[in-house]
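Have a look at the structure below before the remarks.
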Amino acid sequence: MEAASSAETPSWQHTLEACGLLPIGTEAPCPVPAVLTAIHAVTGVEVKPSATIPESRADVMAELDRQWLAETTRLPLVSGAGELLIVPPGRGGSAVGWVLVKDSVGTGLPSRVAGATGSPEFLALSVDGRHLCAVTSEDDELWIVTRVLK
């Protein structure tokens, strides 16, 4: 059996791989919120960020990476095996839905997403479906928004 050619690999998979993430599958290991429900949970007008980073900072991406690591370690977002669920960042990701990935790098995910897509914005969920975390751009700031789901 021949390996799938690059032309047969979906663009969202290329994007995840460019972020240093290994796609494992599109089946969530437990019940998870619909992508649009998760998006509304982190972008609604009542949302308060867990951390804000002014885009004017000279070290904005390094600080975003530091704050992301602190927030996601506290939740925890990433499993002991380095796995999490993510909506593929960039155009069309919400149509794909949640993808189970392994992050073997372990640090700097927002800057890796920005390097691959041009924007650090993305949405991630713990494999148990309980901890939601996102990077969003609001006015002149980058926000890290975390939610604990019931």
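The values are calculated or read from the model by the stated rules, or taken from the named source; none is laboratory data. Keep in mind that this is a model prediction, so the values were computed, not measured. So basically every Cβ, Gly included, is an ideal-geometry build from the backbone, and we count neighbours across all protein chains shown. With ligands, DNA and RNA removed, areas are computed over all heavy atoms of the protein, side chains included. Shrake-Rupley method; radii C 1.70, N 1.55, O 1.52, S 1.80 Å.
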9 Å beta-carbon shell around PRO49, net charge (K/R +1, D/E -1): -1
Accessible solvent surface per residue of segment 38-133, calculated while the other protein chains remain in place, 1.4 angstrom probe, Å²: 46
Principal axis dimensions, largest first and in whole angstrom, of the chain by Cα: 50, 36, 28
ARG74 versus ASP140: modelled label distance in nm, points set 7 Å from Cα along the beta carbon direction: 2.6
5 angstrom amide H check on PHE122, placed H, neighbours 5+ away: VAL135
Accessible surface of the chain, 1.4 Å probe, proportion on carbon and sulfur as whole %: 54
